[in-house]
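The values are calculated or read from the model by the stated rules, or taken from the named source; none is laboratory data. It should be emphasised that the depicted structure is a prediction, and the values quoted were computed from it without experimental measurement. Backbone-built Cβ (ideal geometry, glycine too); neighbour counts: all protein chains shown. Keep in mind that these areas ignore ligands, DNA and RNA; they rest on the heavy atoms of the full protein, side chains included. Shrake-Rupley method; radii C 1.70, N 1.55, O 1.52, S 1.80 Å.
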Amino acid sequence: MNSSDSSVLVVDDEPGMRTALHANFLRHGWRVNTASGVLEASRAIEQGNFDLVVSDIRMRDGDGFEVMDSVRKCSPTTAVILLTAFGSVPEAVESMRNGAFDYLMKPVSFDQLQAAARRVMKRSCDVPVCNATPDVAEVAVQPVNAGIVGRSPLLLHALQRARAAASTDADVLVEAESGTGKELLARFIHGASGRGNRPFVAVNCAAVPEHLIESELFGHAKGAFTGASAARAGKFELADGGTLLLDEIGEMPLNLQPKLLRVLQEREFERLGETRSIHVDIRVIATTNASLGAMVEQGRFRSDLYYRLNVIPLSIPPLRQRMDDLPALAQHFAQRFAVEANCAVPLLDASFVDALEKHHWPGNIRELGNFMRRVLSLNQGVVIDAACFEREFQPLQMAQGSACAMPAPGTRIADLEKMHLENTLALAHGNRTHAAEMLGISLRTVRNKIKEYGLPPRRYA
């Protein structure tokens, strides 16, 4: 697709910037419309059909994320480039997660802007026709709703089921391997539902200390326990009207599960230290990397809570079952991390992609993302080829090899466990949450083991 065939909507409340962008796109052969704010842009998007929307983030009547919401609703295949004079890494990452094709800092380099625009057009030409249903193909072409990237049949089937679940208010249970994108799927369901404009609140059941999780979920009154110096709303209350994600639900303490069951059935609860009941209107999505059915058989999870959560069971395939998506995922991470580093997006050579495809990726998309971050951090602004892969992947292979070495006969079990924990923490770059997922145990257990073996806690985040 040539730029002369393409249309762009420029959104900026500064007349000078709006005029400059208009002239620049005209000079490169684009058909250009302009809007002076969010309201005007929303009307234009409803009435027109644009290949690209370029929007300032901070404007007098709203922000660029509202413009992006309008694009999602009216024209999901339209790409969005956000501009800002007040850039920050969290804002940039949030832009990419919400579906922005790129994120540029003001004062804008027009060459950089046109390079990003050319990538939009190349992406449009490269997108193959998909035999899936139109709705599913639409969301899989680009990370529009929740940053889900890919077009493999298994992923499209998972998204199709998730979209069907989104049309109801039923609770959802997502069982899938660590690192596959369970939270992204939950956000996709929320965004595709009638609650999409309401709160999405997530709580990691494994990350909250056991003695605080009840207060975290249900809130507490002032003076309910030592340290409760003020009343506080819990996650259920904060999610009222929207969606509550209970991540790693398998780590929910057994003694708290009956209360959770009651809340799911009645949509009603009391804050700690209060008798007044609070009613909430929420959808609950629970995720786990363990089989809750197996945990029920082992007596580690209540069967009635399992059946209450498992109204609509969903899953998301591991990366090894959707390797066709790996090139697009690698490009997605390259683009995202280049934004974080405020540098040009490097070219991923075919030899680098070939090397990626030869790896099994047991840590799934999280492992791929961490590896891409390392590669881009150490090889900024260059072509990323097979040599980069070998150079950056070798330490990981060495770590795995040392972790799998045969121990000497007679080595104490405790010493083996400590060694394995240290190797896994090193492999996870000190991240305890990732190490817990790799080991298939709870974050709480990892914390306890670090303390038990006298490992330096400050070294591990």
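Solvent-free Debye calculation, one equal scatterer per alpha-carbon of region 1-57: log10 I(q)/I(0) at 0.16 Å⁻¹ equals -0.43. Enter the Cα centre distance for the pair region 24-61 and region 250-279, rounded to the nearest angstrom. Cα centroid to Cα centroid, the span is 47 Å.
Antiparallel as a % of all DSSP beta bridges within region 158-307, to the nearest 5? Percent antiparallel among DSSP bridges in region 158-307 is about 20. Temperature 4 °C, viscosity 1.567 mPa s: under these conditions the Stokes-Einstein estimate for region 230-273, based on its Kirkwood radius over C-alpha pairs, is 110 µm² per second. From most to least packed by mean Cβ count within 10 Å, the peptides 419-427, 269-277 give 419-427, 269-277.
For region 201-313, the Kirkwood hydrodynamic radius from C-alpha pairs, put into Stokes-Einstein at 20 °C and a viscosity of 1.002 mPa s, yields a diffusion coefficient of 148 µm² per second. In this structure region 160-269 gives 39 Å² per residue of accessible area when probed at 1.4 Å with all protein chains present. At q = 0.09, 0.10 Å⁻¹, what log₁₀ I(q)/I(0) does region 257-397 have when each alpha carbon counts as one equal point scatterer in the Debye sum? These q points yield log10 I(q)/I(0) values of -0.50, -0.58.
Kirkwood hydrodynamic radius (Cα pairs, Å) of region 279-332? Its Kirkwood hydrodynamic radius stands at 14.1 Å.
Protection proxy ranking of 10-19, 362-371, 75-84, by the mean of other Cβ atoms within 10 Å over each peptide's residues and highest first, is 75-84, 362-371, 10-19. Highest mean packing comes first when the peptides 283-292, 207-216 are listed by Cβ atoms within 10 Å, giving 283-292, 207-216.
One way to sum up the overall shape of region 151-266 is the equivalent ellipsoid from its Cα gyration tensor, whose semi-axes run 29, 16, 12 Å, largest first.
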